[in-house]
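Scroll down for the structure; my scribbles are underneath it.
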Amino acid sequence: MTPCATIPVAVTFWSYFKDLAGCGSTTVEVPRGATLGQVIDEVMRRFPGLTGLRQSALVAVGVDYQRPDYCLREGDEVSLFPPVQGG
Amino acid sequence: MKRWVHWSLGAIDEPALNAAIEVSPEAGAVLVFVGRVRGQEAGREIVALEYECFQPMAERQFHLLLDQIAAQWPIESIRLVHRIGRVPINEVSLWVEVIAPHRGEAFTACQWLIDEMKRVVPIWKKPVLRTP
């Protein structure tokens with residue numbers, strides 16, 4: 001069987017990014033072999049309220065920060081959030 | 001290095017934490033940092049802070065930081081409690097204990113841990129403003 005040309009990627013928003021997106025999570029379809037940067041591009045296209053915060057946004061896959069050139073694998077869960085403020 | 005990271009949904013029990021201290025005869029410094037919620041946030045009067053946490057990632061990031069501390073300084077142990085949810089002003093949001101042979105490394109490691117926490121550990125706070 002030929003594998004699908006795209007994979008679904010779950011994206012979770014945290015903190016005020018949830019408010020700006022209007023939801024806590026979404027799923028985007030990206031080409032197999034897509035990078036994290038491509039996922040963020042798609043998220044920004046679908047949620048214009050986040051566009052202005054792209055430079056300050058932090059991005060993780062699973063429980064680790066990843067760079068935009070990270071190549072996504074099926075089952076990866078992406079988190080997108082503003083600068084952290086613990087303490 | 002012994003380590004313990006804990007989340008608290010209610011008030012942090014400082015007396016219980018202090019009573020549970022474990023110090024070896026080699027440790028000459030016991031440093032406890034207590035972070036409290038101030039009555040003002042960005043110049044506005046508040047009644048509380050709402051802390052939100054991406055807990056699995058926060059734990060992972062704390063442990064990565066503790067790995068770096070263990071590699072850099074001769075720290076005997078670190079215990080850390082961060083409160084999440086609504087924390088009223090004057091209450092404790094963060095409790096950190098660093099035990100080391102000497103005060104220098106205890107102060108340095110504690111400062112570094114809290115600075116790095118504020119850079120990489122996914123915890124956010126939202127002020128609850130005081131209404132007139």
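A crude spin-label estimate for the pair B:Lys118 and A:Arg73, with each label 7 Å from Cα along the Cβ direction, gives 3.6 nm.
Legend: mean number of C-beta atoms from other chains within 10 angstrom of residue C-beta atoms, peptide B:51-58, equals 5. Distance between the modelled labels on B:Arg103 and B:Glu14, one decimal in nanometres: 2.0 nm (7 Å Cα→Cβ projection). Here is the list for the stretch B:24-74: GluC sites (Glu not before Pro) lying in DSSP coil, each with at most 11 other C-beta atoms within 10 angstrom of its C-beta, are B:Glu26. Looking at chain A, the trypsin sites (Lys or Arg not before Pro) that sit in a DSSP loop and have at most 16 other Cβ atoms within 10 Å of their own Cβ are A:Arg32, A:Arg54, A:Arg73.
Once the stretch B:2-129 is represented by equal point scatterers at the alpha-carbon sites, with solvent omitted, what log10 I(q)/I(0) does the Debye formula produce at q = 0.20 Å⁻¹? Debye intensities relative to I(0), on a log10 scale: -1.16.
For chain A, the per residue solvent-accessible surface stands at 53 Å², with DNA, RNA and ligands left out and a 1.4 Å probe.
Where the alpha-carbon atoms of the protein assembly as shown are placed on the principal axes, they occupy 65, 51, 26 Å, in descending order.
Once every Cα of the stretch A:30-71 carries one equal point scatterer and solvent is ignored, give the base-10 log of I(q)/I(0) from the Debye formula at q = 0.17, 0.20, 0.25 Å⁻¹, two decimals. One equal scatterer on each Cα of the stretch A:30-71 leads to -0.46, -0.63, -0.93. For the residues of B:115-127, the average number of beta carbons from a partner chain within 10 Å of their own beta carbon is 5. Residue ranking by accessible heavy-atom surface, 1.4 Å probe, largest first, among A:Tyr65, A:Tyr16, B:Tyr51 comes out as A:Tyr16, A:Tyr65, B:Tyr51.
Using alpha carbons only, how many angstrom separate the centre of the stretch B:58-83 from the centre of the stretch B:85-122? For the stretch B:58-83 versus the stretch B:85-122, the Cα centre distance is 10 Å.
For the stretch B:2-129, give the percent of accessible area contributed by carbon and sulfur heavy atoms, probe 1.4 Å, rounded to a whole number. The C+S portion of the solvent-accessible surface of the stretch B:2-129 is 53 percent.
Under the definition of partner shielding as Cβ atoms of other protein chains within 10 Å of a residue Cβ, what is the mean value for peptide A:48-60?
Per residue, the average neighbour count from other chains is 1.
Probe of 1.4 angstrom, ligands and nucleic acids ignored: what's the accessible area per residue over chain B, in square angstrom?
Result: 51 Å² of accessible area for each residue.
For the stretch B:23-78, applying the loop criterion from DSSP together with a ceiling of 11 other beta carbons within 10 Å to the trypsin sites (Lys or Arg not before Pro) yields B:Arg38. Report the FRET efficiency, 1/(1 + (r/R0)^6), for A:Asp41 and A:Tyr16, where r is their Cβ-Cβ distance and R0 is 22 Å, rounded to 0.05. With R0 = 22 Å, the Cβ-Cβ based efficiency is 0.55.
The values are calculated or read from the model by the stated rules, or taken from the named source; none is laboratory data. Not measured: the values here are computed from a predicted model. Positions of Cβ are generated from backbone atoms using ideal geometry, with glycine treated the same way; all protein chains shown enter the neighbour counts. Accessible surface areas use protein heavy atoms only, side chains included; no ligands, DNA or RNA. Shrake-Rupley method; radii C 1.70, N 1.55, O 1.52, S 1.80 Å.
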